[in-house]
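To keep things clear, I will list the structure first and then write my remarks on it.
Nothing in this text is a laboratory measurement; each read-out follows from the coordinates by a stated rule. Just so you know, these numbers come straight off a predicted model, no measurement behind them. Note: ideal-geometry Cβ built from the backbone for every residue, glycine included; neighbour counts use all protein chains shown.
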Amino acid sequence: MTTLFGTADFAIRESVSRVRLFDGPLDLSWHHCATTSDFIADVFALRFQSSRNDHREVRHSIGYLVNELIENAVKFRAPGEITIEAALESESFKLKVSNVVDVETTAKFQNLLSEITAGDPGELLIQRIEANAADPEMTNSGLGLLTLMSDYGANLGWVFSPADERDQVRLETYASILVTETIN
């Protein structure tokens, strides 16, 4: 059974760039997230080079978005590859991160998504920051996702569907943020 959280329509219609992170002898780790997100941000911010401020802002926004979603994929994935697809369509940067998670992780993540997609992201962000300050041991609070929605205006969606292997679920995370040039 397929389950959807968040925004439903994130089809990437334009030409797409695809990067795959493979499991292997080096194992996927945090430095792969930063390196990959920096690369993707650099590539997609090139179009905004005519304005130093636009370039810096677009590169930062894309980099933060990509890094957050890749970190989540690395942190919560079942063994296997992570696929990242990105495109710049009109004034929108679109991203899809695909990986496999186990059934237990799926249930926990779906509970979190039920909470963070139900209310105002800005209010929820403040509540989660306060809860984390009161309990430093708290993990899986959704702060990164709430920050993307509240501070970056990101539209996010998640599709959970059966994977080829038993006790695993395919997770596709979709994101879209506005990226525009300032006209002087």
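Descriptive notes on the structure:
- Shape class for the range 42-184, computed from the alpha carbon gyration tensor (a ≥ b ≥ c): oblate, with a/c not under 1.5 and a/b at or below b/c.
- Spin-label model distance (nm) - Val16 vs Val103, 7 Å beyond Cα toward Cβ: 2.9
- Normalised radius of gyration (Cα atoms, divided by 2.2 N^0.38 Å) for the range 18-78: 1.25.
- Rounded to the nearest 0.05, the FRET efficiency derived from the C-beta distance between Asn111 and Arg56 at R0 = 30 Å is 0.20.
- Ranked by the mean number of other Cβ atoms within 10 Å of their residues, highest first, the peptides 108-119, 79-90, 60-71 fall in the order 60-71, 79-90, 108-119.
- In sequence order, calculated HN-Hα J values of the range 144-154 (Karplus, 6.51, -1.76, 1.60; Hz; x Gly/Pro): x, 5, 5, 4, 4, 6, 7, 8, 10, x, 6
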